[in-house]
Amino acid sequence: MGDRAHVIVLGNEKGGSGKSTTAMQLFVALAGAGHRVGALDLDLRQQSLFRYLDNREAHAKRSGAALLMPRRLRVTASSAALRGEAAAADHGRLAEAVAELSRDCDFIVIDTPGAVTALSEAAHAAADTLITPINDSLIDFDLLGRVDPVTGKVKGPSIYAELVWSARQRRAARRESPIDWVVLRNRMAMLDSRNKRRVGTVMAELSQRIGFRIVPGFSERVIFRELFLTGLTLLDLDKDGPIPLTMSHVAARQEVRELLKALNLPGVGPEVGHPCLT
């Protein structure tokens, strides 16, 4: 896969959109398919992804289960007093972490905080694939663009969309391949609704203007919250495990499978996924 691993960044300036959950499902699917995966958690305050992985390690020790784990590196923010110096140092630390993981990883999954930091900006500029999960509502759509409340038309991109644009410019200046920006529509209503249609309309309009792809994400399911404490993912469940496998879980696994196919990651075939997916 070349000298550098393929970098997958989960980015969104709003919390509760499913970044860490999506990162975990992707890691296990890729690792289960035989790919070597590294992980970075740049949310230095909450560390949701690494806490999830800590729970996974603890469960493996308690149960004796052989659970797949990524190679983790911890990145700390610079303590430099001057903002410019701190930002430059953070960009350098992120580049070093990516280079280190690339020594023995095919993919690097990076979880970012729900706020703009120098580390988050550096991660966006390093992204080969940028995944932005959003809850399926006009409130969360505000992350991507501004909508006229009267006409429902898109007025322009949001601050976060401008951050992605800046990251794209930095990659272009380094003559790197463009970012494949994927917006993940999470918690979509099972039934048709006016809100669902309206969100779909404005997202389709904005996707053409600022260049992102739209793919279906994960439905609202209690199982995602339950799995966090055990560190397991949908792909780890079986009929004899601590969380009994149900038809709802099987349907959720299919959502993971469809996401992997839609991402079209390099070196990942059409039947990608953990053995439990098949």
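Can you run phi through the Karplus equation (6.51, -1.76, 1.60; θ = phi - 60°) for the stretch 6-17 and list ³J(HN,Hα) in whole Hz, with x for Gly and Pro?
6, 9, 10, 10, 9, x, 5, 7, 10, x, x, 8
With log10 I(q)/I(0) by the Debye sum over Cα atoms at q = 0.11, 0.13 Å⁻¹ in mind, check (1) -0.75, -0.98; (2) -0.89, -1.05; (3) -0.63, -0.88 and report the label derived from this structure.
The value matching this structure is (3).
Residue by residue through the stretch 100-106, which ³J(HN,Hα) values in whole Hz follow from phi under the Karplus form 6.51 cos²θ - 1.76 cosθ + 1.60 (θ = phi - 60°), with glycine and proline marked x?
5, 5, 5, 4, 9, 10, 8
Taking 0.36 nm per intervening residue step and subtracting the Cα-Cα distance, what contour gain separates I243 from R209 on full extension? Could you put the intermediate results ahead of the total?
On the way: separation 34, 0.36 × 34 = 12.24 nm, distance 4.35 nm.
Taking I243 through R209 to full extension adds about 7.9 nm, to one decimal.
Under 5 Å between amide H atoms, partner at least 5 residues away or on a different chain: which partners does L232 have, H built in plane at 1.01 Å?
Hits under the 5 Å cutoff: none.
Round to the nearest 0.05 the FRET efficiency obtained for R174 and R103 when R0 = 22 Å and r is the Cβ-Cβ distance. Don't skip to the end; give the middle numbers.
Working: r = 21 Å, r/R0 = 0.94.
My answer for the efficiency is 0.60.
Reachable aspartates and glutamates from K14, Cα under 18 Å, same-chain residues fewer than 8 places away excluded?
The qualifying aspartates and glutamates are D41, D43, D111, E121, D136, D140, D142, E162, E220.
Report the local net charge at L143: Lys and Arg +1, Asp and Glu -1, summed over other residues whose C-beta lies under 10 Å from its C-beta.
Neighbourhood net charge equals -2.
Give me the net charge of S207's neighbourhood, meaning all other residues with Cβ under 12 Å from the Cβ of S207; Lys, Arg count +1, Asp, Glu -1. Don't jump to the answer; show the numbers that get you there.
Details: positive: R185, R209, R213; negative: E205.
Residues close to S207 contribute a combined charge of +2.
Could you tell me the relative contact order of the chain? Use alpha-carbon pairs under 8 Å, at least six residues apart, and round to a whole percent.
Numbers: 467 pairs, mean separation 68.8, N = 278.
After rounding, I find 25 percent.
Rule-based calculations on the coordinates, nothing more; no lab input. A quick note: this is a predicted structure, and the numbers were derived from the prediction, not measured. With ideal geometry, Cβ positions are generated from the backbone for all residues, glycine too; neighbour counts draw on all protein chains shown.
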